[in-house]
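Note sheet for the following structure.
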Amino acid sequence: LVDAKGAPIYEWGAFVPVEGQRPRATLALSYPLGGWSLAFYASPQLSGTGLSRGLWFNVGTALGVVVIATIGLAIYFYREYTRDIRLAAQRVSFVNQVSHELKTPLTNIRMYAELLQRGLDDSDEKSRTHLGVIVSESQRLSRLIGNVLTFSRRERHTLKLRTEPASVDAIIGAVLDHYRPALDAKEIETVFKSGAPDQVLVDTDVVEQIVGNLISNVEKYGANGKLLIVETSQDGDEVMIQVADAGPGIPESERERVFEPFYRVSDRLSDGVAGTGIGLAIARELAVLHGGALILVSSERGAAFLVTLHCPRVPKGGGA
Ligand code: ADP
């Protein structure tokens, strides 16, 4: 800070100007310090034409290092990112292939066990029980494999509907027949209130998978309620399927989360019960694919799931 005659009033900073050195910049102060000004002095190395070569060199080197480091980091992260994507894709395709390979032998095991079951006479109670276990366990595995395959198709965006004329009640009746041994084993009484008998355009596999997952959950988590109610109805081109049980139900705070992939409610019920946490996520995805939805509806007891599907009616005497 210098006065009107150029004499310093106050100085700060480490640099002390030499005798007769001119300031690099001045800033005149306004009223009431009109004659005074702020003068900026710097080392002669910084004065004249600008920064010295040495300083330019240092600044240039530092900038170069920063640029190279940034490019290096960008390349590193890009490679890590693409490697992760590649690994994830490989994993999905591996799981997909293994699941495909498992499907055929499992179908054969199930088919032969069912054939044996039919050939048994009623007196052979023990063999009947053993075969029942083989059938229901292979069914459980088939459902799991079906879910994994659907999940990997979903990841690869290749999930597609294959509709054909069928009756939703007939499809559900067959699913219930399949699950009967497993439900009987846990003494779960099944009530089927059928109300969707008409022929509609529907993807049988999709309905089987959605309803299969819901019934399997009743058997896994709601068995102590000893009751399964499946109810269907038809309204125009919409088909409704409700699957309800009298088990412990799903806590309010978990009602949306159970539809997230891999999410499992951690409590005494799901601890120790085999599961992957993708059943409900897939069931919802399939319902949406079929032009509908899957929601958890409120009920007095247990859990109640409502599936809606868009299934255009097949004109009487017509085909697909
Ligand atoms: P998973 O059965 O493989 O765990 P799901 O996606 O089918 O996966 O179900 C997610 C979670 O929702 C289950 O872990 C369970 O805690 C809960 N759940 C599903 N259905 C029922 C039900 N009927 N009663 C009680 N809890 C259920």
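FYI, it's all coordinate maths here, none of it is from the lab. For clarity, every value in this text was computed on a predicted model and none was experimentally measured. Cβ atoms come from the backbone with ideal geometry, glycine included; neighbour counts cover every protein chain shown.
Against the chain, whose longest principal axis comes from its Cα atoms, helix 125-155 is set at around 30 degrees. Scanning the chain for chymotrypsin sites (Phe, Trp or Tyr not before Pro) lying in DSSP loops with no more than 13 further Cβ atoms inside 10 Å, the longest uninterrupted stretch between such sites is 16-261. For the chain, the residue among 183, 228, 2 whose Cα projects farthest onto the positive side of the dipole built from Cβ charges is 2.
For the chain, a Kirkwood radius taken over Cα pairs fed into Stokes-Einstein (10 °C, viscosity 1.306 mPa s) yields D = 62 µm²/s. Ignoring the sites themselves, what is the longest stretch of the chain with no GluC sites (Glu not before Pro) in a DSSP loop and at most 13 other beta-carbon atoms within 10 Å? That gives 20-186 as the longest site-free run.
Angle of helix 204-221 to the longest C-alpha principal axis of the chain, folded into 0 to 90 degrees and rounded to 10: 90°.
In the chain, a dipole from Cβ-located charges (positive for Lys and Arg, negative for Asp and Glu) runs towards its positive end, and of 23, 65, 130 it is 23 whose Cα lies farthest in that direction. Can you list the lysines whose alpha carbon is less than 21 Å from that of residue 226, not counting same-chain residues fewer than 8 positions off? Correct list for residue 226: 186, 193. The aspartates and glutamates within cross-link reach of residue 103, meaning a Cα-to-Cα straight distance under 17 Å and a gap of 8 or more places when in the same chain, are 114, 137, 205, 208.
Neighbour counting of Cβ atoms within 10 Å sorts the residues 188, 9, fewest neighbours leading, into 9, 188. Compared with the dominant principal axis of the Cα atoms in the chain, helix 53-119 is inclined by about 0°.
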